[in-house]
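Chemist: Here's a structure for you.
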Amino acid sequence: MKVPLIRFCILLSLLLVASQPQAASPDGAHLYAQNCAVCHGETGTGGVGIPLALPAFLASVDDAYLRETIQRGRPGRIMPAFTRLGAAEIDAIIDHLRSWQKDKVTPTFAKTAIVGDAVKGATLYALRCAACHGDHGQGGHGTGVTFSRPRDLPIIAPALNNHGFLASATDALIKATLMNGREGTPMVSFLKQGLSESDIHNVVSYVRSFATTATAQPATAAVEAEPAMLVMESPYSLEETVESVKRAAVGKNFRLIRDQILEDGLFPAEQQNTRQVMVYFCNFNFLNDALALDPRVGLFLPCRVTVIEHEGKVLVMTINPKRLSHLFNNAELDRACDEMHKLYAEILEEATL
């Protein structure tokens, strides 16, 4: 009786294991829509991010490059690091990108370092690359959105002097891009420009030399310590404080746009809290410059300060641009947000003196 009983228990265990629901494989299309589409477009045609469905792009990068790029991002540029995604999820996204590839041939590149003359490569880089990629490999200005880039450029040239790029791209991948160019972009084959393979090795060596100065992942602790809002208490009445905010904004070369009850348009007039007022103002030169750096800054411009009366106190508050700048992952925009933070703080201080 013991043997049949053991067999029965084993069979029962196998049936129980087989009946357990299996973890579903990550859905690459869904993950792409959640994490990538907002910048790269629903079908990979580009936008703030580069066009990933471009045939010449998919034919010139291997899966290792895509994997490292998703994990590391591009510090100080538009592309964030997706550290919360697991390996299986990243591979699923890569499979989804490859589904756009008509020839279905996935390139592979050796990890062997290419030996060249970086000094000669620097001269060639200055002549052939700097106009698009920047004199120190810092990349083109702006984003993929037309407002922030020259209309004749389909994409912004990537930053080569960047920790994320250098950790993702092997020498062989960089060489292949230089030799073949990238159809559909301003990147033209160096061979077609008359350079030799030896010249290309020199350029690769120079680009690799950026590793000693490349932009690394910025520390986020200081940014996360920034409050989401700048808040000061006013010793004056709500009405007096609103007028003080207007004077302070004008004193900082801003043009007043309007002031309105915060809940205006959200509730019927008789239900609105009239002790919450928002003051809108703008410096159009600053606005234009900021939008040219990154159109996403339009989410929190034009400038606005809110004055509320709450529990016997009058509070003056506004969003903290230094906290928001971290969301955009754009080093150029960080400087504009730092300037805006300084102006906001001065306006709030002057309005509550």
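Chemist: What pairs come up if the first residue lies in the stretch 334-349 and is aliphatic (A, V, I, L, M), the second is in a helix (DSSP H, G or I) and surrounded by fewer than 14 Cβ atoms within 10 Å (Cβ to Cβ), and their beta carbons are under 8 Å apart, counting only those six or more places apart or on different chains?
Modeler: If the second residue must be in a helix (DSSP H, G or I) and surrounded by fewer than 14 Cβ atoms within 10 Å (Cβ to Cβ), the pairs left are Ala336/Asp289.
Chemist: Being on the phi > 0 side of the Ramachandran plot and either of a type outside the set (Asp, Glu) or touching a Leu at 6+ places or on another chain (Cβ under 6 Å) (or both) narrows it down to one residue among Gly121, Gly76, Gly140; which is it?
Modeler: Gly76
Chemist: Of everything in the stretch 249-285 that's more than 14 Å from Met317 (Cβ to Cβ) and touching a residue at least 40 places away in the same chain (Cβ under 8 Å), which residue is surrounded by the most Cβ atoms within 10 Å (Cβ to Cβ)?
Modeler: Result: Ala249.
Chemist: Please work out if Glu240 is at pLDDT below 95, part of a helix (DSSP H, G or I), within 30 Å of Val305 (Cβ to Cβ) and open to solvent by 50 Å² or more (accessible area, probe 1.4 Å).
Modeler: no
Chemist: Can I ask one more? Do we have Ser189 as closer than 30 Å to Ile114 by Cα and either open to solvent by less than 70 Å² (accessible area, probe 1.4 Å) or not in a helix (DSSP H, G or I) (or both) here?
Modeler: yes
Chemist: Oh, and also: For Ala169, all conditions in the list (1) surrounded by fewer than 20 Cβ atoms within 10 Å (Cβ to Cβ); (2) touching a residue at least 12 places away in the same chain (Cβ under 8 Å) hold save one; what is the number of the exception?
Modeler: The single condition Ala169 does not satisfy is (1).
Chemist: Do the conditions hold for His141, that is, is it more than 19 Å from the chain's Cα centre (by Cα), at pLDDT below 95, part of a loop (DSSP other than H, G, I, E, B) and not aliphatic (A, V, I, L, M)?
Modeler: Spelling it out, it is not the case that His141 is more than 19 Å from the chain's Cα centre (by Cα), at pLDDT below 95, part of a loop (DSSP other than H, G, I, E, B) and not aliphatic (A, V, I, L, M).
Chemist: For a quick check of your reading of the model, give me the residue pairs whose first member lies in the stretch 37-63 and is in a loop (DSSP other than H, G, I, E, B), whose second is acidic (Asp, Glu) and open to solvent by less than 20 Å² (accessible area, probe 1.4 Å), with beta-carbon atoms closer than 9 Å and at least 6 apart or on different chains.
Modeler: Here the result reads Val48/Asp294, each pair linking the stretch 37-63 to a residue that is acidic (Asp, Glu) and open to solvent by less than 20 Å² (accessible area, probe 1.4 Å).
Chemist: Just for the stretch 298-353: of the residues that are more than 15 Å from the chain's Cα centre (by Cα) and among the aromatic types (Phe, Trp, Tyr), which one is farthest from Gly251 (Cα to Cα)?
Modeler: Phe300
Chemist: Right, something else. Is at least one residue of the stretch 121-128 open to solvent by 60 Å² or more (accessible area, probe 1.4 Å) and assigned to a loop (DSSP other than H, G, I, E, B)?
Modeler: no
Chemist: Another one. When you scan the stretch 182-195, how many residues do you find that are in contact (Cβ under 8 Å) with a residue 60 or more places away in the chain and under 26 Å from the mean Cα position of the chain (by Cα)?
Modeler: So the answer is 4.
Chemist: Starting from the stretch 74-92, keep only residues that are at pLDDT 90 or above, then list their pairs with residues that are among the aromatic types (Phe, Trp, Tyr) whose Cβ atoms are within a distance under 7 Å, requiring at least 6 positions of separation or different chains.
Modeler: That search, which allows pairs on different chains as well, returns Arg74/Phe165.
Chemist: Of the residues Ser60, Ser25, Ser13, which single one is modelled with pLDDT under 85 and surrounded by 10 or more Cβ atoms within 10 Å (Cβ to Cβ)?
Modeler: Result of the check over Ser60, Ser25, Ser13: Ser13.
Chemist: Also, quick follow-up: Quick one: which of Thr83, Thr112, Thr45, Thr69 is open to solvent by less than 40 Å² (accessible area, probe 1.4 Å), more than 18 Å from Gly181 (Cα to Cα) and polar (S, T, N, Q)?
Modeler: From the options Thr83, Thr112, Thr45, Thr69, the qualifying one is Thr69.
Chemist: Pairs please, first residue from the stretch 106-126 and of a type in the set (D, E, K, R), second anywhere and open to solvent by less than 40 Å² (accessible area, probe 1.4 Å), Cβ atoms under 6 Å, 6+ apart in sequence or on different chains.
Modeler: Lys111/Thr170; Asp117/Asn202; Lys120/Asn202
The values are calculated or read from the model by the stated rules, or taken from the named source; none is laboratory data. The structure displayed is predicted, hence computed values, not measured ones. Counting neighbours? That spans all protein chains shown, and the Cβs are built from the backbone with ideal geometry, glycine included. Heavy atoms of the whole protein, side chains included, go into the accessibility calculation; ligands, DNA and RNA do not. Shrake-Rupley method; radii C 1.70, N 1.55, O 1.52, S 1.80 Å.
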